[in-house]
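First up is the structure itself, then whatever we jot down about it.
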Amino acid sequence: MDSEVTQILHQIESGDQQAASQLLPLVYAELRRLAAQKMLHEKSGHTLQPTALVHEAFLRLVGGPRSQSWDGRGHFFAAAAESMRRILIESARRRSTEKRGGDRRRTELCADDVILDPEDSETLLALDEALTKLEKEDADLARLVEMRYFTGLTIDQTAEMLDVSPRTVKRNWAYARAWLRREMDAGDLQ
């Protein structure tokens, strides 16, 4: 059987497409055993089953457009084991990515986004308290926050109203949001 497998591998190597169909029945049981052995180390509830692992590995080995070169039966099974390992790793990475929100669409937050939900009255009251403190420390920053948050003015509109550059508004807006967040978080701890 070893020489038969090696002979079929050489036929596949030389481009005989029919040889692949002759190979699978000869190597299937051993590939299935290899797959079951690999799956023993996987967590239960894995979506990939040994049969699917064998089929996918076999297709990668002999079904691809790129011609493989085999040094015999041992080389083929070593490549099959490597292929199964890669399939399991790809599957684990896919699951890990999905677990960490890989299927979610990323959205960039821009400076025009508000920092609070206006429907959240508790947070709104905390913002008011923090804003009152900010006003005592820096009245211009407090006014900027009122313009940006409560009236919804853009960076450019706020810059025009305060007679400063948009860059200054962006910088002060970022500082004011961080200051307010710190004050509000400190209030949560009390």
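FRET efficiency for the Ala139 to Met161 pair, using the beta carbon distance and R₀ = 22 Å, is estimated at 0.90. Rolling a 1.4 Å probe over the protein chains gives Trp173 an accessible area of about 10 Å². Which value, to two decimals, describes the C-alpha radius of gyration of the stretch 122-190 once divided by 2.2 N^0.38 Å? So the stretch 122-190 has a normalised radius of gyration of 1.10.
Accessible-area rank, largest first, for Tyr149, Tyr28, Tyr175: Tyr175, Tyr28, Tyr149, with all protein chains present and a 1.4 angstrom probe. Measuring with a 1.4 angstrom probe and ignoring ligands and nucleic acids, Leu34 comes out at about 30 Å² accessible. Computed with every protein chain present, the accessible area of Arg148 is close to 10 Å² [probe 1.4 Å]. Sorted largest first by accessible area at a 1.4 angstrom probe radius, with every protein chain in place, the residues Phe58, Phe150 fall in the order Phe150, Phe58.
Counting only protein chain heavy atoms and rolling a 1.4 Å probe, the accessible areas of Lys136, Lys38, Lys170 rank, largest first, as Lys136, Lys170, Lys38.
The values are calculated or read from the model by the stated rules, or taken from the named source; none is laboratory data. Please read these numbers as outputs of a predicted model, since none were measured by experiment. Quick reminder, even Gly has a Cβ in these numbers, built from the backbone with ideal geometry, and neighbours come from all protein chains shown. Note: areas computed on protein heavy atoms with side chains; ligands, DNA, RNA excluded. Shrake-Rupley method; radii C 1.70, N 1.55, O 1.52, S 1.80 Å.
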